[in-house]
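Have a look at the structure below, then the notes.
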Amino acid sequence: MSYYDDDGLSPKNAQTYDAGTGGNNVSPATGGSLPGSRGGLNGSRGFDPNQRALVDLAKSAQRTGVTPNQSATLNQWANEYNIPFRGPEVHPGRPQGQYPHIHVGPVDHIKIKGDCP
Amino acid sequence: VRTLAIKKDLSTNEYKALLVCLAKIATSFTFVIRPEIKSGPRIKSLIERLNDFLIAEQEVDQWPGTQLFGRTAKLFKFKLTEQSKEILLVSSKGLFDWIQPELPEDLSFLYQDDQNCLTNIAHEKDAWLSLNSDEYNLVLKEFSELIIRNN
């Protein structure tokens, strides 16, 4: 199961990482990395470990985009770990944010894939 | 109507001069409270101080510059007077400081007919003025350094 399986992801189960069940599981609590991400925590200074891990996940998501369900999960985690979350939102006709996106802490314009609710 | 964008690194003095200028041409201002973002104590205090100038308060899923999906925010609209302008002047140091949790979001200004005068997407550091010819000339004359480009 990958981290971003909509059916398998919940804040509750994502807070536990069982290395024996598959290396792709990850959560803010464990500080792991998304498949394909650099996985380091060095780029997110000034956060506690959970916040740092969430910001790193958001950075990965910024490259790939997220589904509405994944956006909702990031929102839940942002609330749980006290990281500001904005969106989903769009700024029609403006230089930035013309497409549906979210902001997670310092990570801006994470594109929403598919239709927003 | 002509549109002028506000530069992103507006100084405090420039911001306050802009508010003074807007008070001459706008008649109301708005900001929003987004429930998905925490609200600090200054927000409650500010709304209490502005209570006498409150025109409307409503749940919205869009406001000038921003549209939400699947959620709403609370839009507050206030009368722009000398007193309410003074409250704004002492409450913030910059146009792009209007971000939760410290302050409500997206302080913007409206004309008498509710058309947008200054629209602000504070977290994007994106704000612009919508001006008729007379106002355009006034702003360019007094505040040309505030402007970064025509949209």
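The values are calculated or read from the model by the stated rules, or taken from the named source; none is laboratory data. Just so you know, these numbers come straight off a predicted model, no measurement behind them. FYI the Cβ positions are ideal-geometry reconstructions off the backbone, even for glycines, and counts take in every protein chain you see. Only protein heavy atoms, including side chains, enter the accessible area calculation; ligands, DNA and RNA are left aside. Shrake-Rupley method; radii C 1.70, N 1.55, O 1.52, S 1.80 Å.
Among the listed pairs A:K59/B:K44; A:K111/B:K44; A:K59/B:K38, which are separated by more than 26 Å between their Cα atoms? Please report the intermediate quantities before stating the final value.
Numbers: A:K59/B:K44 33 Å; A:K111/B:K44 32 Å; A:K59/B:K38 22 Å.
Checking Cα-Cα distances, A:K59/B:K44; A:K111/B:K44 exceed 26 Å.
Taking the Cβ of B:I55 as the center, what net charge do the other residues with Cβ under 12 Å away carry, scoring Lys and Arg +1 and Asp and Glu -1? Each step should come with its number before you reach the end.
Numbers: positive: B:K77, B:K79; negative: B:D52, B:E57, B:D114.
Spelling it out: positives minus negatives among the neighbours equals -1.
If you count, for every residue in B:70-80, the Cβ atoms of partner chains within 10 Å of its Cβ, what is the mean?
On the way: counts 7, 5, 0, 1, 0, 0, 0, 0, 0, 0, 0.
Averaged over the peptide's residues, the number is 1.
Report the net charge of residues surrounding B:K24, where surrounding means a beta-carbon distance below 13 angstrom and charges are Lys +1, Arg +1, Asp -1, Glu -1.
Details: positive: B:K85, B:K141; negative: B:E82, B:D134, B:E135, B:E142.
Residues near B:K24 contribute -2 overall.
Probe radius 1.4 Å, ligands and nucleic acids left out: which of B:V90, B:V1, A:V90 has the largest accessible area, and how do the rest follow?
Values: B:V90 110, B:V1 145, A:V90 10 Å².
Ranking B:V90, B:V1, A:V90 by accessible area, largest first, yields B:V1, B:V90, A:V90.
As a test of the formula, what do you get for chain B when each DSSP H run with n ≥ 4 contributes -39,500 (n - 2.57) and the sum is divided by the residue count, at 222 nm and rounded to the nearest 500 deg cm²/dmol? Could you put the intermediate results ahead of the total?
On the way: 4 runs with 44 residues, N = 151.
Rounded to the nearest 500, it is -9000 deg cm²/dmol.
For chain B, modelled as a Gaussian network with Cα springs under 10 Å, which listed residue fluctuates most, B:T30, B:T119, B:T12?
Between B:T30, B:T119, B:T12, it is B:T12 that shows the largest mean-square fluctuation.
Using a 1.4 angstrom probe and counting only protein chains, how large is the accessible area of B:L118 in Å², to 10?
0 Å²
Classify segment B:19-77: rounded, prolate or oblate, from the alpha-carbon gyration tensor (a ≥ b ≥ c, eigenvalue square roots; a/c under 1.5 rounded; otherwise prolate if a/b is larger than b/c)? Kindly include the intermediate steps, with their values, before the conclusion.
Working: a/c = 2.06, a/b = 1.32, b/c = 1.56.
It is oblate, given that a/c is not under 1.5 and a/b is not larger than b/c.
Let me cross-check B:K24: its accessible surface, 1.4 Å probe, with only protein heavy atoms counted, in Å² to the nearest 10?
Taking all protein chains as shown, B:K24 has close to 130 Å².
Could you state how much accessible area is buried at the A-B interface, both sides summed, with a 1.4 Å probe, in Å² to the nearest 100?
Interface between A and B: roughly 1600 Å².
Mind running the shape call on segment B:1-124? Use the C-alpha gyration tensor, a ≥ b ≥ c as the square roots of the eigenvalues: rounded below 1.5 for a/c, prolate if a/b tops b/c, oblate otherwise.
rounded
In terms of modelled amide H atoms, which long-range or inter-chain residues lie less than 5 Å from the amide H of A:I112?
A:V66, A:H101, A:I102
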